[in-house]
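The values are calculated or read from the model by the stated rules, or taken from the named source; none is laboratory data. Computed from a predicted structure; not experimentally measured. Here the Cβ is made from the backbone with ideal geometry for all residues, glycine too, and neighbour counts use every protein chain on show. Only protein heavy atoms, including side chains, enter the accessible area calculation; ligands, DNA and RNA are left aside. Shrake-Rupley method; radii C 1.70, N 1.55, O 1.52, S 1.80 Å.
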Amino acid sequence: SAAKNRLLKALYCVDPVKLGSIKKAAENYDMVKEKDEKFFSRLYHHFIGQRMGEVFSCRKIKILDAGCGQGRISVPLAKKGHKIIGIDLSSKAIDAAIKYAVQEHTGVDFLVGDFRNKIKKIASESFDCIICAEVLYLLNDYKYVIKDFARLLKKNGLLILSLRPKLFYVRWLILNNKLQEASQLVLKDVSHVGSNSLNCQSEHEMIRLFQDNGLKDIGMRGIGVLSGIAGDPQAEFVIPSQLSKKDSELLFEMEIRLSEQFCEDGRYILISGLKK
């Protein structure tokens, strides 16, 4: 009914139709099994492991993986001995994540549901680290979500997010002959893209967002500065799965080398900060 749709929209701050499409995408696209995503997952784990090592050394910690999908972040971290809670909207994605964890002989506490609702019921300062990868750009209420994440972090806890850089969409729109829409992002400095209301941020906006929530020692890395999957602007350079193993290793090393200096050129920006 119309009343129910209005209620859902108010609750989720996102159109119910869009919420359904998010769930469908999570069910139809497996980030663990897709060939190109394995390359980008490796980049994520390189940078996440590096940052966690700086903050926590070898200590085992409690981590929330918000929007965990099929467990590509959760499961490898659980194998290292960390205690993980993973939440995802899609029950099919969670089923796949459980199978992945069993296959890797490790355990993760996987939950089905909208993490935005579930985290409101969790006590403050419950986690050492919160990770939310490739999710917040889909949600209109991402600023409130980041505020909730900051509340859930312990003192000196680490927040790690990946969001779409504005430059990604500017390039994507130009490549798809949508110069007028691209100009809105650049000349009018808007943060939403097209009718789907996908959001994007500049490096400066993201730093300010973290600082406003009491997060400091901010670091940024570009995920996919030189490469992408089909449809990405970066795919105009190279698609990882099309490379030989030797060339894939060379690409990986170049991605690492350029990730900090050219973070806004990435498919995503990985941003991390400490709660002081």
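Using 0.36 nm per residue of separation minus the Cα-Cα distance, give me the extension gain between Lys60 and Glu205 in nm, one decimal.
49.0 nm
How many nm is it between the label spots at Leu111 and His46, if each spot is 7 Å from the Cα in line with the beta carbon?
3.3
Using Cα pairs under 8 angstrom and six or more residues apart, how large is the relative contact order of the stretch 121-170, in percent?
It comes to 53 percent, rounded to a whole number.
Under the definition of Cα pairs under 8 Å and six or more residues apart, what whole-number percent is the relative contact order of the stretch 125-272?
Answer for the stretch 125-272 is 28 percent.
Give the share of C-alpha pairs in each 10 angstrom bin for the stretch 228-276, from 0 to the last occupied bin, in whole percents, shortest bins first.
The percentages, shortest bin first, are 23, 48, 21, 7, 1.
Would you mind giving the average projected area, over all directions, of the Cα convex hull of the chain in nm² with one decimal?
Computing the convex hull of the Cα atoms and averaging its projections yields 14.9 nm².
Which percentage, to the nearest 5, of the DSSP beta bridges contained in the chain is antiparallel?
45
Quick check on packing: order 124-130, 251-257 by the mean number of other C-beta atoms within 10 Å, highest mean leading.
Answer by packing, highest mean first, reads 124-130, 251-257.
Hey, can you find the accessible area per residue of the chain for me, probe 1.4 Å, expressed in square angstrom?
50
Once a ≥ b ≥ c are taken as the square roots of the eigenvalues of the Cα gyration tensor of the stretch 130-217, is the result rounded (a/c under 1.5), prolate (a/b larger than b/c) or oblate (a/b not larger than b/c)?
It comes out prolate by the Cα gyration axes.
List the residues, sorted by chain then number, that are 5 or more residues from Gly113 or on another chain and whose placed amide H is less than 5 Å from its amide H.
Asp88, Leu89, Ser90
One-quarter of the Cα convex hull surface for the stretch 129-276, in nm²?
Spelled out: convex hull of the Cα atoms, projected over all directions, averaged, 9.2 nm².
Per the helix-only calculation at 222 nm, which mean residue ellipticity applies to the chain, given -39500 (n - 2.57) for every DSSP H run of n ≥ 4 and division by its residues, nearest 500 deg cm²/dmol?
Per the formula, -13500 deg cm²/dmol.
Can you tell me how the stretch 174-241 classifies by the Cα gyration tensor, rounded, prolate or oblate, using a/c under 1.5 as the rounded cut?
Oblate, since a/c reaches 1.5 and b/c is not below a/b.
Does the stretch 32-100 classify as rounded, prolate or oblate by the C-alpha gyration tensor (a ≥ b ≥ c root eigenvalues; a/c under 1.5 gives rounded; else a/b over b/c gives prolate, otherwise oblate)?
oblate
Can you tell me which of 53-65, 143-155 comes out highest on packing, and rank the rest after it, using the mean Cβ neighbours within 10 Å?
143-155, 53-65
Can you tell me, using C-alpha contacts under 8 Å and at least 6 residues apart, the relative contact order of the chain as a whole percent?
Relative contact order here is 17 percent.
³J(HN,Hα) across the stretch 258-267 via Karplus (A = 6.51, B = -1.76, C = 1.60, θ = phi - 60°), whole Hz, x for Gly/Pro?
Coupling constants for the stretch 258-267: 9, 5, 7, 5, 10, 4, 6, 7, x, 4 Hz.
Treating the Cα atoms of the stretch 40-143 as identical point scatterers in vacuum, please give the log10 of the normalised Debye intensity I(q)/I(0) at q = 0.19 Å⁻¹, two decimals.
Listed by q, the Debye log ratios stand at -0.98.
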